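**Q** My questions all concern the structure below.
The values are calculated or read from the model by the stated rules, or taken from the named source; none is laboratory data. Predicted, not measured: the structure shown is a model, and the values here were computed from it. Reconstructed Cβ throughout: ideal geometry from the backbone, glycine too, with neighbour counts over all protein chains shown. What goes into the accessible areas is simple: the full protein's heavy atoms, side chains included, and nothing from ligands, DNA or RNA. Shrake-Rupley method; radii C 1.70, N 1.55, O 1.52, S 1.80 Å.
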Amino acid sequence: MAKTKSALVTGGAGFIGTHTVLQLLKEGFHVSIIDNLDNSVPEAIDRLRHLAGPELSSRLQFFLGDLRNKEDLEKVFSVQRYDAVIHFAGLKAVGESVGNPLLYYNNNIIGTINLYETMAKYGCKKMVFSSSATVYGQPEKIPCVEEFDLKAMNPYGRTKLYLEEIARDIQKADPEWSIILLRYFNPVGAHESGEIGEDPKGIPNNLMPYIQQVAVGRLPQLNVYGHDYPTRDGSAIRDYIHVMDLADGHLAALKKLFDSEDIGCVAYNLGTGRGTSVLEMVSAFEKASGKKIPIKLCPRRPGDATEVYASIEKARKELDWSAKFGIEEMCRDQWNWASKNPYGYRPQP
Ligand code: NAD
Ligand code: UFG
């Protein structure tokens, strides 16, 4: 890939965004971030610059802006030309989306439409979009193959489903667009330095941030949702993927966009292809951290699937990408981040 490409990263101050921007800078990209800091903090950008070092971070620009506001996008596109956009910006809390669907449709859908319109206006028609394994709903078969029928289980999932459909329509109407839809499975872990990582606001919804907060003493115990699933230990199975592998998956997607003609609009799973149960994840984290994670066995969480993991053949063949890290490294790096930053980017209260 040429070393002088430039990318706009929406939501680049967030969990997956910060890790991906670091890899982009290392790969030689000029990077601009637009983020409204709704679910992130300026400290994350400062740490990113520190990790990248002075030379690489001189190629990083941060714009405080909201995709729902077209003027903010104009400011970003009018100062520089972008070869491609990686679009992370969005709200992602399933429970919140059930209680406040309009917020999710407004933020995720209107924001993305504004982004496509501005990209088209400035002649930038290469897009990598953050989709999710949530578009497989409760899969009838596993592993999940990209060609499966899609369905949504909640308003958050519906925003991903609709945004995939919108991407396909845009590309069909104007074949100059090349769009890659990346369906992430369960991103966990952190950069090996422990300087950047996931820092959810409030009580975490997802398993790994929750375990992490139990390990550092912020929460008393982990509620294990479901112990009567038809799985090897009764708890539900997911495909956890190290966030650095995910970041590299975005570089592979950009390479595909730049190196191939006429790719159209195409979806790829980013997972490891391996399933791990909740109880296995707890044991792996206990081993990595040396901390006991007290658990309480609880009823199933409504809407949860029994077992979800990715088919990874398509990404391997067409993007020449596959995940390198296993559960041990995911837990090691998550614990490194947690032990160095028990309150995330915030100082201990
Ligand atoms: P995150 O919340 O850490 O990062 C998203 C960033 O987008 C935040 O910094 C937030 O401030 C910003 N943002 C949100 N709305 C915005 C708007 N209107 N304008 C500008 N900035 C805005 O989330 P993440 O875990 O890094 O996820 C990134 C993307 O990947 C999201 O689209 C999410 O739905 C998707 N995804 C995440 C997971 C996961 O488990 N983390 C799984 C599948 C898909
Ligand atoms: N779990 C617990 N206790 C907790 C949190 C989670 O037992 O405190 C269990 C869940 O019941 C589930 C498993 O851990 O069985 C994983 O749950 P997560 O919430 O971490 O992840 P999900 O697979 O439910 O969903 C996540 C994101 C979705 C995304 C999906 C696929 O929340 O937005 O991964 O990418 F769509």
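**Q** Enter the Cα centre distance for the pair the stretch 110-148 and the stretch 232-289, rounded to the nearest angstrom.
**A** Each part reduced to its Cα centre gives a spacing of 16 Å.
**Q** Evaluate the charge dipole of the chain about its Cα centre and quote only its size in Debye, nearest 20, assuming +1 on the Cβ of each Lys and Arg and -1 on the Cβ of each Asp and Glu. Spell out each step's value before the answer.
**A** On the way: 41 positive and 44 negative charges, 112 e Å.
I would put it at about 540 debye.
**Q** Here's something else I'd like to know. Excluding residue 245 itself, what net charge comes from residues whose Cβ is under 13 Å from its Cβ, given Lys and Arg +1 and Asp and Glu -1? Working shown, then result.
**A** Numbers: positive: 274, 316, 324; negative: 192, 239, 248, 329, 333.
Residues close to residue 245 contribute a combined charge of -2.
**Q** Going toward the positive end of the dipole of the stretch 196-289, with +1 on Lys and Arg Cβ and -1 on Asp and Glu Cβ, which of 243, 230, 258 do you reach last?
**A** About the Cα centre, the residue reaching furthest to the positive side is 230.
**Q** Using a 1.4 Å probe on the protein heavy atoms, what percent of the accessible area of the stretch 258-349 belongs to carbon and sulfur?
**A** Details: 2370 of 4890 Å².
Within the stretch 258-349, the accessible surface is 48 percent carbon and sulfur.
**Q** Still on this structure, please answer the following. Can you give me the distance in nm between label points at residue 306 and residue 345, each placed 7 Å from the Cα along the Cα-to-Cβ direction?
**A** The answer from the label model is 4.1 nm.
**Q** Could you give the dipole magnitude of the stretch 143-280 about its Cα centre, charging the beta-carbon of Lys and Arg +1 and that of Asp and Glu -1, in debye to the nearest 20? Write out the running numbers ahead of the final one.
**A** Values: 13 positive and 21 negative charges, 108 e Å.
Dipole about the Cα centre, nearest 20: 520 debye.
**Q** If one takes the longest principal axis of the Cα atoms in the chain, at what angle in degrees, from 0 to 90 and to the nearest 10, does the Cα axis of helix 111-121 lie?
**A** 30
**Q** Treat every Asp and Glu Cβ in the stretch 199-349 as -1 and every Lys and Arg Cβ as +1, leave all other atoms uncharged, and give the resulting dipole magnitude about the Cα centre to the nearest 20 debye.
**A** Details: 20 positive and 19 negative charges, 152 e Å.
Charge dipole, the stretch 199-349, about its Cα centre: 720 debye, nearest 20.
**Q** Let me ask something additional. Near residue 171, within a Cβ-to-Cβ distance under 14 Å, what is the net charge of the other residues, with Lys and Arg +1 and Asp and Glu -1? Don't skip to the answer; put the middle values down first.
**A** Numbers: positive: 125, 126, 168, 172; negative: 164, 165, 169, 174, 176, 261, 262.
With Lys, Arg at +1 and Asp, Glu at -1, the net is -3.
**Q** Right, here's the next one. Using +1 at the C-beta of Lys and Arg and -1 at the C-beta of Asp and Glu, which of 148, 136, 108 has the Cα lying farthest in the positive direction of the dipole of the stretch 85-179?
**A** My answer, from the dipole projection, is 108.
**Q** Compute the signed sum of charges (Lys and Arg +1, Asp and Glu -1) over the other residues within less than 12 Å, Cβ to Cβ, of residue 293. Walk me through the intermediate numbers first.
**A** Working: positive: 287, 291, 292, 296; negative: 286.
After counting each charged neighbour, the total is +3.
**Q** Give the carbon-plus-sulfur fraction of the accessible surface of the stretch 189-249 in %, rounded to a whole number; probe 1.4 Å, heavy atoms of protein chains only.
**A** On the way: 970 of 2100 Å².
Looking at the stretch 189-249 in its full context, I get 46 percent from C and S.
**Q** How large is the helix-only mean residue ellipticity at 222 nm for the chain, computed as the sum of -39500 (n - 2.57) over DSSP H runs with n ≥ 4, divided by its residue count, in deg cm²/dmol to the nearest 500?
**A** Values: 12 runs with 137 residues, N = 349.
Using -39500 (n - 2.57) per qualifying helix, the result is -12000 deg cm²/dmol.
**Q** For the stretch 266-349, report the translational diffusion coefficient in µm²/s to the nearest whole number, using Stokes-Einstein at 20 °C, 1.002 mPa s, and a Kirkwood Rh over Cα pairs. Walk me through the numbers before you get to the answer.
**A** Numbers: Rh = 15.6 Å.
This corresponds to a translational diffusion coefficient of 137 µm²/s.
**Q** Once Lys and Arg get +1 and Asp and Glu get -1 on their Cβ, which of 289, 270, 310 lies farthest toward the positive end of the dipole of the stretch 258-334?
**A** So the residue we want is 289.
**Q** In the stretch 122-281, what percentage of the DSSP-assigned beta bridges are antiparallel, given to the nearest 5?
**A** Details: 2 of 19 bridges.
Bridges in the stretch 122-281 are about 10 percent antiparallel.
**Q** Students often get this wrong: which residues of the stretch 284-322 have the backbone nitrogen under 14 Å from the point 7 angstrom along Cα-to-C-beta of residue 221?
**A** 293-299
**Q** If you roll a 1.4 Å probe over the heavy atoms of the protein chains, what accessible area per residue do you get for the chain, in Å²? Intermediate values should be presented prior to the final figure.
**A** On the way: 15030 Å² over 349 residues.
For the chain, the per-residue accessible area is 43 Å².
**Q** From the phi of every residue in the stretch 281-292, what ³J(HN,Hα) in whole Hz does the Karplus formula 6.51 cos²θ - 1.76 cosθ + 1.60 yield, where θ is phi - 60° and glycine or proline is x?
**A** Result, rounded to whole Hz: 5, 4, 4, 5, 6, 4, 5, 5, 9, x, 9, 7.
**Q** Going down the list 26/70; 201/296; 160/340, which pairs span over 28 Å between their C-alpha atoms?
**A** Working: 26/70 30 Å; 201/296 23 Å; 160/340 34 Å.
26/70; 160/340, as the Cα separations exceed 28 Å there.
**Q** Additional query: Which of the peptides 201-214, 126-139 is most tightly packed, and how do the rest follow, going by the mean number of other Cβ atoms within 10 Å of each residue? Mind dumping the intermediate values first?
**A** Numbers: 201-214: 18.4, 126-139: 22.8.
Highest to lowest by the protection proxy: 126-139, 201-214.
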